[in-house]
Amino acid sequence: MGEPSGLGTPAGTPFSPHFGGTPNTLVGRDDLLTTLGSGLATGPNDKWYTTIVMGVRGSGKTTILNEIEDRAAADGWVVLSLDAGTPLLLDRIIQAIAQAGRSYESLEAVADTTGRSVGKSLGIRLGPLQGKLEASDFFQSPQTGLREHLVVLAHQAMKYGASVLLTVDEMHAIDRGEGRRLANDIQHVTRRANLPVAFVGAGLLELRHTLMRDRKMTFFHRCEDYELPPLNEIDAINGLASPIEDAGGSITADALRLAASAVDGSPYRLQVIGDAAWRLSDAPAKPITSHTVDLAVTAAQHTVEKNISIPAWHDLTEREKSVLKSLAGHNGMSNVARVAQDTGISNKRASGLLAHLRDSGYVASLGDAKYRMTGLVSPRVALEPEPLEVDSADTEHQTGDRLRRNRPRCRQWMPRARAYCVLTEGHAGRCRSS
Ligand SMILES: Nc1ncnc2c1ncn2[C@@H]1O[C@H](COP(=O)(O)OP(=O)(O)OP(=O)(O)O)[C@@H](O)[C@H]1O
Ligand SMILES: [Mg+2]
């Protein structure tokens, strides 16, 4: 694929085995993108104009936000792209608005030619908006609240027949106070003042039990909520076959079927399996066969556990973990009474916890008070959630430090790095994942 450069030879994989990466082929989301796009185009009175997309880890939430932002930017919208995973969200939105005012004024000529990602690092995307947004003094004033900034931006955009799209990723991590203020401000601007400021949020399914239940965030209750469904087998086949074909590779029919069934509905797993199969087969020089897909599925399992299952495990409370452990002890499938017995709680409490785990994508209901674990956290991870790498011989070999190996590790969980700290307990400075 790519030419060698001073930095080395590009990896050449047609897959994106990481989070937030744009896939070569986006599958299974056409209906959502059409409906959502049409809702935005219709305006503030459309129920999809304010939407929250929910899904388990790796289901493609960030990818949907990226895609809808790109489509809106291409239509001349002003796009403010933020995430609630880091503090001071409201201040960052205000900064992004101020930056939009300045950027559109100074970059109006380049916005068209340099593409849509100008300013993305500041949380702003510039589309081919014609004309200037005037960076008034109002934008600069730190005293002014988010609501006023949004109102001014909306009026500025309207002058050019444009609209504003505010996207907020990782909504489950939002600070409650900030969530309430954000909800009130957008409610006012979009619903009461009927200004063209659309909102698309994304987050884990637990949002149903947090933000969308909070009495002081009624705006979020009224947003259209959409749960990303798992990919079906045909989506998985297309999502694997198209990138391989586009990159000049090939895959046998058996291998494709095998890989697609191992995807198990997860876009992230699709990318990781595709990437591993591509590399292990030495594609595109050689075809991808069932043998290499077999190896790829095993290798991918480890990556998926590390990047999806372990973080998902850490999202749970101790009680929820004990419920999953009980299921895991029965090959991942059990019933309310047995879970209650294993964990020493009442049937009613066990039933409530299982329902909560079902709503969050960890277990599926089989009817008749029976449940089975989904692939989000496998029985293996529930029984042995500690990562292998910390105590492995590899680590010892790499550090060459036997004394250190025998000292207790910090093991602090680092949500952003999706890893445990590998330094020794009581270490100086920040935690490190490697
Ligand atoms: N519809 C899709 N078709 C094919 N690949 C997809 C699709 N959606 C997402 N992907 C790929 O799956 C991977 C995970 O997607 P993404 O980062 O959007 O998930 P996420 O739900 O935001 O995960 P997290 O909850 O960890 O933030 C990325 O590599 C992305 O390119
Ligand atoms: Mg994401």
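Sort out which residues of region 329-385 are charged (D, E, K, R) and under 23 Å from the mean Cα position of the chain (by Cα), and write them in order of number. Show your work before the answer.
In the first step, residues of region 329-385 are kept if they are charged (D, E, K, R); the result is 338, 342, 348-349, 358-359, 368, 370, 372, 380, 384.
Once the filter is applied, which keeps residues that are charged (D, E, K, R) and under 23 Å from the mean Cα position of the chain (by Cα), region 329-385 yields Arg358, Asp359.
Restricting attention to region 34-63, and to residues there that are aliphatic (A, V, I, L, M) and out of contact with any helix residue (DSSP H, G or I) (no Cβ under 6 Å at 6 or more places or on another chain), which single residue is nearest to Val200 (Cα to Cα)?
Per the stated criteria, the residue is Ile52.
Within region 20-45, can you find the residues that are outside the structural domain of Asp83 (by TED's automatic domain parsing) and of a type in the set (S, T, N, Q)?
The answer is Thr22, Asn24, Thr25.
Can you list residue pairs whose Cβ atoms sit under 9 Å apart, with the first residue in region 58-76 being outside the structural domain of Gly203 (by TED's automatic domain parsing) and the second being more than 9 Å from ligand 1 (Cβ to nearest atom) and part of a helix (DSSP H, G or I)? Count only pairs 6 or more apart in sequence or on different chains.
Every condition considered, no pair remains.
With the condition being of a type in the set (Lys, Arg), I'd like the helices (runs of 4 or more DSSP H) fully within region 285-389 carrying at least 1 qualifying residues.
318-328, 336-343, 347-359, 379-383
From the list Arg222, Arg213, which residue is open to solvent by 60 Å² or more (accessible area, probe 1.4 Å), under 15 Å from Ile174 (Cα atoms) and charged (D, E, K, R)?
Arg213
With respect to the numbered conditions (1) of a type in the set (S, T, N, Q); (2) surrounded by 18 or more Cβ atoms within 10 Å (Cβ to Cβ); (3) within 27 Å of Tyr226 (Cα to Cα), which one is the sole condition not fulfilled by Ser326?
Ser326 satisfies all of (1) of a type in the set (S, T, N, Q); (2) surrounded by 18 or more Cβ atoms within 10 Å (Cβ to Cβ); (3) within 27 Å of Tyr226 (Cα to Cα) except (3).
Six or more apart or on different chains, Cβ atoms under 8 Å: show the pairs whose first residue is in region 258-285 and within 16 Å of ligand 2 (Cβ to nearest atom) and whose second is among the charged types (D, E, K, R).
Tyr268/Arg57
What's the total number of residues in region 174-202 that are open to solvent by 10 Å² or more (accessible area, probe 1.4 Å), farther than 24 Å from Pro311 by Cβ and assigned to a helix (DSSP H, G or I)?
Of the residues in that region, 9 qualify.
Just to check your reading of the model, which residue among Ile64, Ile68 is of a type in the set (Val, Ile, Thr), assigned to a helix (DSSP H, G or I), under 24 Å from Met212 (Cβ atoms) and more than 11 Å from the chain's Cα centre (by Cα)?
Ile68
Taking interchain pairs and intrachain pairs at least six residues apart, which have beta carbon atoms under 8 angstrom, with the first residue in region 215-233 and at negative phi and the second aromatic (Phe, Trp, Tyr) and at pLDDT 90 or above?
Close Cβ pairs satisfying both conditions: Cys223/Phe199; Glu224/Trp48.
Within region 26-44, track down each residue that is open to solvent by 30 Å² or more (accessible area, probe 1.4 Å), in contact (Cβ under 8 Å) with a residue 40 or more places away in the chain and more than 16 Å from ligand 2 (Cβ to nearest atom).
Gly28
Tally up the residues in region 64-79 that are within 23 Å of Arg269 (Cα to Cα) and open to solvent by less than 30 Å² (accessible area, probe 1.4 Å), please.
Start the filter on region 64-79 by keeping residues that are within 23 Å of Arg269 (Cα to Cα), which leaves 64-68.
Now drop any that are not open to solvent by less than 30 Å² (accessible area, probe 1.4 Å), which leaves 64-66, 68.
Going through region 64-79 one residue at a time, the tally reaches 4.
Confirm whether Gly332 is over 27 Å from Ser351 (Cβ atoms) and in contact (Cβ under 8 Å) with a residue 40 or more places away in the chain.
no
Looking at (1) among the aliphatic types (A, V, I, L, M); (2) modelled with pLDDT of 50 or more; (3) farther than 30 Å from Val56 by Cβ; (4) in contact with a Ser or Thr (Cβ under 8 Å, 6 or more places away or on another chain), can you tell me which one Val118 breaks?
(2) is the only condition that Val118 fails.
The values are calculated or read from the model by the stated rules, or taken from the named source; none is laboratory data. Computed from a prediction, not measured in an experiment: that's the story for all the values here. Cβ coordinates were reconstructed from backbone atoms using ideal geometry, including for glycine residues, and neighbour counts include every protein chain displayed. These area figures cover heavy atoms from the full protein model, side chains too; ligands, DNA and RNA do not enter into them. Shrake-Rupley method; radii C 1.70, N 1.55, O 1.52, S 1.80 Å.
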